[in-house]
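**Q** Below is one structure. I have some questions about it.
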Ligand code: DX5
Ligand code: ZN
């Protein structure tokens, strides 16, 4: 078992912006990554899609390994793949620090979350917009974070589904009832118009694709999101 690499990142509950590489310019990834790193983020969100669980195909462990080679940022691998157990070890070996799997894609979610932890990285469970928060009730203690989708997964640049904010509140309440303090991450259509309500409801990691990489000045985009999230600059 390897030592967890990202624990220190997940403990503070201050708001973190996790730029999603999916919205970056793939022809110059190293430069794109260095721009958000220079802007002070600590997380980089990596969207892995297999063309089965979601309609789109993105990238796999080789690209994660290449990204690992050009940054010290915590790598947050969001696996939108069917039967993710097959790939956990490969993503850990490639350098992922956080791995999240969809409740809807796992036959034995409890086992999968335990396996991710055994591999020495942070384990996260993800819910699609239509999946109730209550479906995670019995595995919350196996999660180092929970990711709530605020769009149907598969593509960047989609419109935020407002019901996600309600689910953040429900999840925060469920965590409180169990005495757990883990970050709630939100993914999809996050921008300066909804960041404040998400953080007020209990979110502390905001994934941002288009609202960071779709802007020419990534530093200004990240600062605007943090400001909208809670008055930070
Ligand atoms: C959607 C992905 C998201 C997406 C976010 O399936 O999981 O991470 O890249 O991009 P925006 O912020 O543009 O919705
Ligand atoms: Zn994602």
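The values are calculated or read from the model by the stated rules, or taken from the named source; none is laboratory data. What you see is a predicted model; the values in this text were computed from it and never measured. Ideal geometry is used to build each Cβ from the backbone, glycine not excepted, and the neighbour counts take in all protein chains shown.
**Q** Based on what the data block shows, is residue 162 surrounded by fewer than 20 Cβ atoms within 10 Å (Cβ to Cβ), within 16 Å of ligand 2 (Cβ to nearest atom) and under 29 Å from residue 82 (Cβ atoms)?
**A** Numbers: surrounded by fewer than 20 Cβ atoms within 10 Å (Cβ to Cβ): yes; within 16 Å of ligand 2 (Cβ to nearest atom): no; under 29 Å from residue 82 (Cβ atoms): yes.
So residue 162 does not fit the description; no.
**Q** Moving on to the next point. Take region 52-78 and flag every residue that is within 13 Å of ligand 1 (Cβ to nearest atom) and either free of Cβ contacts under 8 Å to residues at least 40 places away in the same chain or part of a helix (DSSP H, G or I) (or both).
**A** Those that are within 13 Å of ligand 1 (Cβ to nearest atom) and either free of Cβ contacts under 8 Å to residues at least 40 places away in the same chain or part of a helix (DSSP H, G or I) (or both): 57, 58, 59, 77.
**Q** Between a residue in region 25-48 that is under 19 Å from residue 227 (Cα atoms) and any residue that is away from ligand 1 (no atom under 15 Å from the Cβ) and assigned to a helix (DSSP H, G or I), which pairs come within a Cβ distance under 6 Å, given they are 6 or more apart or on different chains?
**A** 39/219; 42/9
**Q** Before we move on, is residue 229 free of Cβ contacts under 8 Å to residues at least 40 places away in the same chain and either in contact with a strand residue (DSSP E or B) (Cβ under 9 Å, 6 or more places away or on another chain) or in a helix (DSSP H, G or I) (or both)?
**A** Values: free of Cβ contacts under 8 Å to residues at least 40 places away in the same chain: no; either in contact with a strand residue (DSSP E or B) (Cβ under 9 Å, 6 or more places away or on another chain) or in a helix (DSSP H, G or I) (or both): yes.
No, not satisfied.
**Q** Just for region 106-121: of the residues that are within 20 Å of residue 63 (Cβ to Cβ) and under 17 Å from the mean Cα position of the chain (by Cα), which one is surrounded by the fewest Cβ atoms within 10 Å (Cβ to Cβ)?
**A** Among those residues, the one meeting the criterion is 121.
A quick yes/no check of all residues on (1) more than 14 Å from ligand 1 (Cβ to nearest atom); (2) at pLDDT below 95; (3) in a helix (DSSP H, G or I):
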residue	(1), (2), (3)
182	yes, no, no
186	no, no, no
192	no, no, no
198	no, no, yes
203	no, no, no
206	no, no, no
211	no, no, yes
215	no, no, no
220	yes, no, yes
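**Q** Here's a follow-up. Select, from 121, 151, 101, the only residue that is away from ligand 2 (no atom under 15 Å from the Cβ) and either in contact (Cβ under 8 Å) with a residue 12 or more places away in the chain or closer than 20 Å to residue 22 by Cα (or both).
**A** 121
**Q** Against the conditions (1) touching a helix residue (DSSP H, G or I) at 6+ places or on another chain (Cβ under 9 Å); (2) within 22 Å of residue 218 (Cβ to Cβ); (3) modelled with pLDDT of 95 or more, where does residue 14 fall short? Just the number, please.
**A** Result: residue 14 fails condition (3) only.
**Q** Name, by its number, the condition in (1) under 20 Å from residue 206 (Cβ atoms); (2) in a helix (DSSP H, G or I) that does not hold for residue 117.
**A** The number of the failed condition is (1).
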